[in-house]
Each structure stands twice: as structure tokens, then as C-alpha cells.
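Derivation of every value follows stated rules applied to the coordinates shown; laboratory data play no part. None of these values were measured; they are calculated from a predicted model. Cβ sites come from the backbone with ideal geometry, for glycine too, and all protein chains shown count toward neighbours.
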Amino acid sequence: MRELDVWVVGLSHKTAPVGVRECVAVSGERLAVLLERLKPMAAEVVVLSTCNRTELYVASSRVAPLQLFREHLGDFPDRLYAYRGVAALRYLFRVSTGLESLVVGEAQILGQVKEALEAARAARTTGPLLEQAFQAAIAVGKRARSETRIGAGAVSVAYAAVDLARSVFGDLAGRRVLVVGAGEMAELVLEHLAARGVREIDVLNRTRARAEQLAARFGGRAHGMEDLETALERADIVITSAAAPHYVVQARRVRAVVSRRDAPLFLIDIGMPRNVEPEVGRVEGAYLYNLDDLQAVVKRTLEARREELPRVEALIEEEIADYLEWYAGHRSRERIRAVRQGLEALAADELASLLRGKLKDLTPEEVAAVRRLVHRVVRKATHPLIQLAKDPEVGLRLEQALPQR
């Protein structure tokens with residue numbers, strides 16, 4: 001069987017720090033534009049971009065997949081990885097089950113895999129190989145969560161961020177926390193804060209109405225961006241996860257705030273791109289953490305689920321076997337179609353030559369009758385060859401020998 005021509009090329013928290021990852025993160029309009037640019041260069045493309053990874057999944061590429069990444073997202077020597085064929089398939093399934101996540105077993109990645117597939121469908125950059133691969137990835141991700149305990153307990157970047165705050169402050173009850181952003185990640189942060197007994201909560205968001213919804217749910221206060229400095233002054237801890245293309249919390253603002261207060265300000269930035277200007281980490285009285293600083297917290301959560309890893313890996317191998325069985329049938333259908341089209345092309349060329357030569361005096365009715373006769377003969381002659389084409393080696397030789405249209 002011909003090698004599965006599927007690739008994954010990318011970088012992640014395992015190979016690149018947050019400062020590199022945010023350079024290649026794409027979403028929304030930028031993602032749509034990128035897919036349009038990649039469309040002429042590969043038969044199928046899906047882009048998966050999250051806070052901890054940006055990856056191109058490519059099938060039947062006319063340009064080397066590594067080169068595609070370098071040209072359209074940037075060249076990062078020693079940061080990029082690339083897998084092909086079954087290795088690429090296995091990697092995708094590990095991603096969807098949470099085995100490649102910063103927080104192993106986290107549930108959010110499965111939704112992100114679905115969103116990546118939907119974006120590619122909208123851009124019309126999917127095809128049979130990646131469509132089937134991503135559907136299988138989603139299926140095995142669901143199985144991992146229902147058939148194993150890989151996702152047992154609170155496992156997410158949001159949980160790790162709150163756990164980091166707890167490791168700094170101890171008991172969080174009585175602490176004032178400002179959450180910047182009002183998306184899914186912010187909502188998870190608020191849930192974990194509430195579970196830790198935090199009652200003094202502020203939610204700040206560009207769209208104030210969404211901030212009000214979340215604040216009301218968790219008994220907090222809502223703010224628009226114009227209230228940033230006031231909200232920072234009230235807070236002991238700031239956790240940011242806003243979807244913004246620029247820094248939401250600038251060093252000059254933090255410098256102004258800490259100069260007016262006695263207690264230090266702790267900021268945990270889990271946004272991608274980052275929400276807090278890195279310079280904040282050098283402001284006296286301010287302590288800044290980002291996604292890379294969650295590693296130590298994450299190691300503790302992994303120990304509880306380590307015994308589940310072999311079970312998830314076994315599910316992945318099952319799903320790979322199912323995909324390869326599908327792929328064998330897919331290739332067989334492709335070969336059959338190629339053989340049929342090749343024979344039809346050969347017959348059409350021969351008939352056209354005859355109609356220009358020895359049969360040039362035929363009437364239109366006679367030409368039509370000859371075309372019908374040739375079509376019937378080709379169909380009958382094709383049948384035994386189609387049976388031969390089901391054998392991979394014979395089918396490939398037939399496919400290569402016959403003319404293509």
C-alpha cells in the first residue's frame with residue numbers, strides 16, 4: 001500500500017517558549033486568510049492553533065510541509081517538528097486525547113480540534129484523508145474521556161493557573177481576584193476560583209455585557225477596559241485570558257498602580273497571544289507568571305493520571321488500525337476509478353483518431369451508434385481489470401500504465 005501522505009508540522013510548549021508560540025498563533029480572520037493562502041499548495045490543510053501549539057496538518061502537499069510552515073508562519077530552527085504517515089496520525093490522536101497537552105488529559109483540546117476541522121471545512125481545505133483523520137481523532141478523544149480516567153478531576157490550564165495562585169498565597173479565600181477576559185477559559189478560571197472559596201471577584205472584558213453575565217453568575221463585579229487601573233488597584237491576583245491581538249495590561253499601568261499600594265500584585269497570564277506586557281515582570285512590586293510557568297503545577301496533576309496513559313495509548317492504536325483499514329479501501333477505490341478513467345481515455349483517443357480517418361464519412365447517427373458500442377465494450381473489458389486493480393501492486397501498475405485525463 002502506498003505510504004499515507006499525511007503530514008503534521010508545528011511547534012508546541014514542548015519545543016518553543018511562549019514568546020515564540022504567540023508569534024505563530026492564528027485565529028479568526030487570520031486563520032481564514034492563512035487557509036486561503038495554503039489552499040493552492042496542498043490538496044488538504046487543517047490548522048490547529050491553541051495557547052500551546054500551532055500545527056499544520058497537510059495531505060498531498062505540492063510544497064514540502066516544513067517549507068509551508070516556514071514561508072507562511074515563520075522559520076524557527078530547532079523548534080519545529082514534523083511527522084509523516086502513521087506517525088502523523090498517531091500524533092494527531094495523542095493531541096486529541098490530551099496526551100500532548102501542557103495539562104495532560106485536559107478536555108479543552110478536543111473542542112479545539114473540532115474547531116480546527118470546522119474552520120478548514122469553511123475554507124474548503126479538507127478532503128478525504130484529513131476529514132477521516134480528524135473525525136477519528138475526535139472519536140478517540142471522546143473514547144479516552146469515557147473509557148479511561150485520563151480526564152479525572154480538574155485538568156485544564158485554567159485549573160493550573162488557579163493552583164499556581166494557591167501555591168503562592170495558600171488559602172485563596174478572602175483574596176481579591178481580577179479575571180481579564182470573558183471567554184471559555186475565563187469562565188473555567190472563575191469556576192475554579194469559586195471552588196477555592198474566592199468571593200471577591202472582578203471580571204473585566206472589552207465587551208462589558210459579557211463581563212456582567214459572568215460577574216453576576218459568580219457574585220462579582222463587572223468592568224469595561226476603561227476601568228483597568230481601578231480594577232488592578234483592588235486586586236491581589238490578576239488572571240488574564242483575553243482574546244486580544246495586543247497587550248491588555250501594559251507595564252506603565254502596572255507601575256502606576258503598584259506605586260499607590262502597599263501589597264505586591266501577582267499576575268498570571270494564560271492568554272495567547274500574551275495579555276500582559278513582559279516588561280511587567282521587571283516592575284518592582286509586581287510578579288508576573290505566564291503559560292510556561294505552569295509546568296511545575298502540571299507535573300503534580302500528571303501523577304494522578306499516569307496509570308491511565310497505557311489505556312489511552314491502546315485506544316489510539318485501535319483507532320489507527322481502523323483508519324488504515326479505511327485507507328486501504330479508499331486507495332482501492334481510487335485505483336479502480338483511475339483504471340476506469342484510463343481505459344475510457346484510451347478508448348476515446350482511439351475513437352477520435354478513427355473518426356478523423358477511416359470513419360470520417362460516418363453520419364451523426366452512425367457516429368453516435370459507434371460511440372455507444374465502444375462504451376459498452378469498454379465497460380465489459382473494464383470489469384476483469386477492476387478486479388485486478390483491487391490488488392494494491394497490480395492496481396498501481398495499471399494506474400501508472402494507463403493514460404490519465
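Observations, loosely collected:
- Note on the chain: antiparallel DSSP beta bridges, both residues inside, total approximately 45 percent of the bridges counted.
- Between Lys380 and Gln135, the modelled labels are 3.8 nm apart [label points 7 Å from Cα along Cα→Cβ].
- Fraction of the pair-distance distribution of segment 157-293 above 23 Å, Cα-Cα pairs, percent: 22
- Volume of the Cα convex hull of segment 62-204, divided per residue and given in Å³: 157
- Whole-Å semi-axes of segment 105-189's equivalent ellipsoid (Cα gyration tensor): 34, 17, 7
- Between Glu115 and Phe76, the C-beta separation translates, for a Förster distance of 35 Å, into a calculated FRET efficiency of about 0.90.
- Dipole check for segment 6-153: with +1 at the C-beta of Lys and Arg, -1 at the C-beta of Asp and Glu, and the Cα centre as origin, the magnitude is about 280 Debye.
- Over the chain: helical MRE at 222 nm, DSSP H runs n ≥ 4 each giving -39500 (n - 2.57), nearest 500: -17500 deg cm²/dmol
- Rounded to 0.05, the FRET efficiency of the Arg252 and Arg124 pair, given R0 = 41 Å and the Cβ-Cβ distance, is 0.35.
- Of all lysines in the structure, the ones whose alpha carbon falls short of 17 Å from that of Lys114, not counting any fewer than 8 places away in one chain, are Lys142.
- Relative to the longest principal axis of the Cα atoms of the chain, helix 309-356 runs at roughly 30 degrees.
- Ranked His246, His13, criterion: other C-beta atoms within 10 Å, fewest first: His246, His13
- Using the Cβ-Cβ distance between Lys299 and Arg143 with R0 = 30 Å, the FRET efficiency computed as 1/(1 + (r/R0)^6) comes to roughly 0.70.
- Taken along the Cα-to-beta-carbon direction at a fixed 7 Å, the label points for Lys14 and Ala369 span 7.0 nm.
- Taking the C-alpha atoms only, the angle from helix 392-401 to the longest principal axis of the chain is near 70 degrees.
- Inter-label distance, nm, simple model (7 Å from Cα along the C-beta direction), Arg306/Lys360: 8.4
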